[in-house]
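Step one of this worksheet: look at the structure below.
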Amino acid sequence: MAKPVNDVIDELLETLRRLEVSHFTMSWPDFYRLNDIARFKGDRRESLIDRGLLKGIILGFGDNAVVACRDRNFAPAKG
């Protein structure tokens, strides 16, 4: 059974805190293990994004990796 969305977001926030970073990437297999899922469905994606924003974390989903970062301006663009 899939891990609750709140628990996944809390673990991602704890990883950011523990590593003392503003962002990190995860491979899809690692992300699946974190969620306790075998397939990633669209409704779960939206739930993770929405819950993450409420707790101050932005999630991005690419072809090869998942990005988690704090919702703050930690690396302003120069120029």
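What follows is calculated from the coordinates using simple rules that are stated; it is not laboratory data. All figures in this text were calculated on a predicted structure; none of them were measured in a lab. Cβ sites come from the backbone with ideal geometry, for glycine too, and all protein chains shown count toward neighbours.
Which semi-axes, in whole Å and largest first, does the equivalent ellipsoid of the chain have when worked out from the alpha carbon gyration tensor as the square roots of 5 times its eigenvalues? Write down the numbers at each step before the final one.
Numbers: eigenvalues 94, 35, 30 Å².
After diagonalising the Cα gyration tensor, the semi-axes are 22, 13, 12 Å.
How big is the dipole moment of the chain about its Cα centre under a simple scheme where the beta carbon of each Lys and Arg is +1, that of each Asp and Glu is -1, and everything else is neutral? Debye, nearest 20, please. Please list the in-between numbers first.
On the way: 13 positive and 12 negative charges, 28 e Å.
With only Lys, Arg, Asp and Glu charged at Cβ, the dipole is about 140 debye.
Hey, if you put +1 on the Cβ of every Lys and Arg and -1 on every Asp and Glu Cβ in the chain, which of SER27, GLY52, ALA77 ends up farthest toward the positive end of that dipole?
Ranked along the dipole, the leading option is ALA77.
Calculate, in nm to one decimal, what ASP36 and GLU20 gain on full extension: separation in residues at 0.36 nm each, minus their alpha carbon distance. Can you show the working numbers first?
Values: separation 16, 0.36 × 16 = 5.76 nm, distance 2.50 nm.
So the extension gain works out to 3.3 nm.
Can you give the extra length, in nm with one decimal, that the chain gains between MET1 and PHE61 once fully stretched, where that is 0.36 nm per residue apart less the Cα-Cα distance?
19.4 nm
Provide the FRET efficiency to the nearest 0.05 for the LEU13-LYS78 pair, computing r from the beta carbons and using R0 = 35 Å.
Details: r = 28 Å, r/R0 = 0.80.
Once rounded, the FRET efficiency stands at 0.80.
What is the distance in Å between the Cα centroid of the range 1-28 and that of the range 52-75?
10 Å
For ASP50 and ARG70, what is the calculated FRET efficiency with R₀ set at 22 Å and r taken between the beta-carbons, to the nearest 0.05?
Values: r = 17 Å, r/R0 = 0.76.
FRET efficiency, ASP50 to ARG70: 0.85.
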